[in-house]
Amino acid sequence: MSDRPREKCGVVAIASQSTEPARMAFFGLYALQHRGQESAGICTADGESLRNLTGMGLVSQVFHERDLAKLGGYLAIGHTRYSTTGASRPENAQPLVVGSDDLGSLALAHNGNLVNVDEIREEVLRLGARPRTATDSELIAHLIARSPGDNWLARMRHALGRLSGAFCLVMLTRDGAYVARDAWGIRPLVLGRLADGWAAASESCALDTIGAQLIRAVEPGELLSMGPDGIHSEQFAAPAPRRAACSFEYIYFARPDSLVDGQLVYATRERMGEELAREHPVDADFVMPVPDSATPAAIGFARAAGLPYREGLVKNRYIGRTFIQPQQSQREFGVDLKFNPLPEVLRDQRIALVDDSIVRGTTTPRIVAMLRRAGAAEVHLRICAPPIRYACHLGVDTAPEETLIASTHSVFEIQEIVGADSLGYLSLDGLVRAVGLPEDDLCNACFHGRYPMAIDGVREKLAFEAV
């Protein structure tokens, strides 16, 4: 039903001597639920062994009070998943646990995508591992477990330097928690201080939820260990020649109350709307968003355009992943399950409709048609991202390139397809100005096709399912 790019996952890591790390990981994942709704998992350690629990569905569907009590321990890592490598099935849920010959077990959870996955898979098979899942995440875990070194930190140091692509990792052994971020800094990862320990998470909103103080971002190429003896930091790889933070974290993925690279996401989205209003002015009676992710941008657009801001669509905020599947007729009109229009607000009005993106162009025409059925006189569509013309291979499921509507159609053709009276996309320059970081510090490959590293080894999402 969604026509949005979809994030792979959110990760958390907790080291705490006196509080319940499993409970803290649960609430951290709850705050990161927007990053993935397919499966969730928490693994804990108590100095002697690991306890791992994963399941399909939302965080609240997977875990119950009794589960958190049984997990115990003083270290925990957690994961909430949207799949970009491997299908959505229980075997692929994370954290994943693998064994080593001499150091015990390693649990790992991953946000991102490797682009040299074939090379890593061949190496893992050569070393004698037999992966049981179709994920690049398990390959990373096996590579670490079979790397040289007389302790886990040495093995991580050796293995992580072999990886190419996007990865934020949280890892757990029986007596230590570890986090690592790729040398490009593509996906976000932050470090926080607890009263009696440390926490790391994909976004600062998760730290806020568990009462951790945001300290800083985990640096590109950094490997951190957390445990009873405190925290240790080192570089497993030199930072890449440039940063490549994903622009879609600002446009859509991150929660608006998160800080990403020091930027409040809500304020960034407001600036996107302001830039969009300057680039594509419109004669309209009011501005409205497609809720919720476009709301800050619509507020910024209205302010810059000098137009009233109103809400003409009510969102059902309880629509998410469910095990009760709608009938085919409902799937085809799934937007009706998610939004309900307000005819009294929309009737005979010229509307500037602000949305964050158009990916395949399947949902937008239904939203425009819904507004017209509710009486809107004109619908002028404004998108606070440039046209998405290229697939992402670095942890975002944007759909195959040939299905991206902007890859095969001009802006005018897209306007005709979605049924809008006019259509304006934010320019790449406008996006960069809104984010407030140098363009060289951002990955905008889905807009212009220039990836930060070679992507020749990229595989299709389900490539290893039948292997």
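The values are calculated or read from the model by the stated rules, or taken from the named source; none is laboratory data. The model shown is predicted, which means the values in this text are computed figures rather than measured ones. Cβ placement follows ideal geometry from the backbone for every residue including glycine, while neighbour counts extend to all protein chains displayed.
Applying the selection to the stretch 37-68, what residues are touching a helix residue (DSSP H, G or I) at 6+ places or on another chain (Cβ under 8 Å) and among the β-branched types (Val, Ile, Thr)?
42, 44, 54, 59
For every residue, the table says whether it meets (1) β-branched (Val, Ile, Thr); (2) touching a Lys or Arg at 6+ places or on another chain (Cβ under 8 Å); (3) more than 13 Å from residue 21 (Cα to Cα).
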site	(1), (2), (3)
38	no, yes, yes
44	yes, yes, no
54	yes, no, yes
63	no, no, yes
73	no, yes, no
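Being under 16 Å from residue 171 (Cβ atoms) and in a loop (DSSP other than H, G, I, E, B): is that true of residue 137 here?
When the stated conditions are applied, residue 137 does not pass them.
Name the residues in the stretch 193-210 that are more than 15 Å from residue 264 (Cα to Cα), small (Gly, Ala, Ser) and crowded, with 23+ Cβ neighbours inside 10 Å, would you?
Correct list: 197, 199, 200, 201.
Within the stretch 251-332, which helices (runs of 4 or more DSSP H) (wholly inside it) include 3 or more residues that are under 24 Å from the mean Cα position of the chain (by Cα) and modelled with pLDDT of 95 or more?
The qualifying helices (runs of 4 or more DSSP H) are 265-279, 295-305.
How many residues, within the stretch 232-245, are of a type outside the set (Gly, Ala, Ser) and at pLDDT 95 or above?
Summing the residues that are of a type outside the set (Gly, Ala, Ser) and at pLDDT 95 or above in the stretch 232-245 gives 4.
Mind telling me which of the residues 243, 271, 216 ends up being closer than 26 Å to residue 448 by Cα and surrounded by fewer than 22 Cβ atoms within 10 Å (Cβ to Cβ)?
When all the criteria are applied, what remains is 243.
Report the residue count in the stretch 6-32 for those that are outside any strand (DSSP E or B) and modelled with pLDDT of 95 or more.
Qualifying residue count, the stretch 6-32: 12.
Conditions first: (1) buried (at least 17 other Cβ atoms within 10 Å of the Cβ); (2) of a type in the set (A, V, I, L, M); (3) modelled with pLDDT of 95 or more. Residue 115 passes all but one, so which condition is the exception?
Failing condition for residue 115: (3).
Between residues in the stretch 245-268 that are over 18 Å from residue 166 (Cα atoms) and residues that are β-branched (Val, Ile, Thr), which pairs lie under 6 Å by C-beta distance while being six or more apart or on different chains?
What qualifies is 256/265; 258/265; 268/435.
Out of curiosity, is residue 132 part of a loop (DSSP other than H, G, I, E, B) and either surrounded by fewer than 21 Cβ atoms within 10 Å (Cβ to Cβ) or in the same structural domain as residue 318 (by TED's automatic domain parsing) (or both)?
yes
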